[in-house]
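Everything on this sheet refers to the single structure shown next.
Every number in this text was worked out from the coordinates using simple rules, so none of it is lab data. Because the structure is a prediction, the values reported are computed rather than measured. Every residue, glycine as well, gets a Cβ built from its backbone with ideal geometry; the counts of neighbours run over all protein chains shown.
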Amino acid sequence: MNQEIDFEKLVKEAIKALDSSYGGDPNSKYIFASAVLTDKGNIYSASNYVSDTASLTLHAEQAALAHAAAHKDTKIVAIAMVGKEDPNGEEFCHPCGICKQLIWENSMKSGISIKVVMANLKGKYIVKDIKELVPYPWPNI
């Protein structure tokens, strides 16, 4: 994919996916969503899948990566995330350590430097390369 990345579109898809959260309180502030863009130009979005045991909860980024993988479309170019934690919708959503690790591993396997798009509910966003968010990765290449 050599074309310009439409980060706004990716963020809008992540925001739309907030409505697809499963298993938790629909009024919870702990609802997150993510959308990935692949090198084929496809966008796959998902929200968190909440387990009653908490430790089995699937994070939105994990679900979006798995959604792409289910379609055999695993070369991720960018991933956007958004959450409902801030009632004013102004704070940017950052991936947790587990999700950073999964994004790093995808980047390492594909050879693509993934752009991480941290968005808020108002559609504003910050873009960082996964290498900036994981300066000391494991495994180190």
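Observations on the structure shown:
- Helix 60-70 axis, angle to the chain major axis (alpha carbon atoms, nearest 10°): 50 degrees
- Estimated FRET transfer efficiency (D19, V127; beta-carbon r; R0 30 Å; 0.05): 0.80
- Applying 1/(1 + (r/R0)^6) with r as the Cβ-Cβ distance of K109 and K29 and R0 = 30 angstrom yields a FRET efficiency of 0.35.
- Mean silhouette area of the chain, derived from the convex hull of its C-alpha atoms and averaged over all directions, reads 8.2 nm².
- Degrees between helix 7-17 axis and first principal axis of the chain (Cα, 0 to 90, nearest 10): 40 degrees
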